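Here, each number is a calculation from the coordinates, and none is a lab measurement. Keep in mind that what you see is a predicted model, and the values were worked out from it rather than measured. Every residue, glycine among them, receives a Cβ derived from its backbone with ideal geometry; neighbour counts consider all protein chains shown.
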């Protein structure tokens, strides 16, 4: 088989002409194309199906609850504030990234991986921000500043990798 391919590509001796393809050679070429497509590693990328946004959000409900707890917005008395400050940005992110993977071959490579990675980044951003003291002002002023700082860290972690949607996505259709 290598001799056939080499002769088709003129890797033989100088002055040797290409051979004409016979029926067996055509079948061999077809088989090579099938082998390249089917047994290729890494495989050709496959499409990602669509899903309702609520399904994507509900599949990550545990992580979202951890974020709400980390922000101190658990409980019925904080439900409206949690909806506005936490759930609306998360819903907006889900609309942007949908089921896209965060990478092709590494962590978070499964459908929905970018959304999950963004949620984890947001949670770690909140935890990191809570450990930092920004200024040495009075506790009243610091409490307001820390709330803003923590929310900014949440939003930064949540949307930091959403650029992947614009930078690395190719959209194809069967039509």
(Q) I want to verify the translational diffusion coefficient of segment 68-129 in µm²/s; compute it with Stokes-Einstein, Rh as the Kirkwood radius over Cα pairs, at 37 °C and 0.692 mPa s. (A) 261
Q. So if we plug the beta-carbon distance of residue 127 and residue 53 into 1/(1 + (r/R0)^6) with R0 = 30 Å, what FRET efficiency do we get, rounded to 0.05?
A. 0.70
**Q.** Calculated FRET value between residue 166 and residue 84, using beta carbons and R₀ = 25 Å, to 0.05
**A.** 0.40
Q.
From Cα pairs below 8 angstrom and at least 6 apart in sequence, can you work out the relative contact order of segment 53-167, rounded to a whole percent?
A. 26
(Q) What's the ranking of 74-81, 61-68, 149-156, 113-120 by average number of surrounding C-beta atoms within 10 Å, highest first? (A) 113-120, 149-156, 61-68, 74-81
Q) For the pair residue 137 and residue 96, what calculated FRET efficiency results from E = 1/(1 + (r/R0)^6), where r is the Cβ-Cβ distance and R0 = 41 Å, to the nearest 0.05? A) 0.65
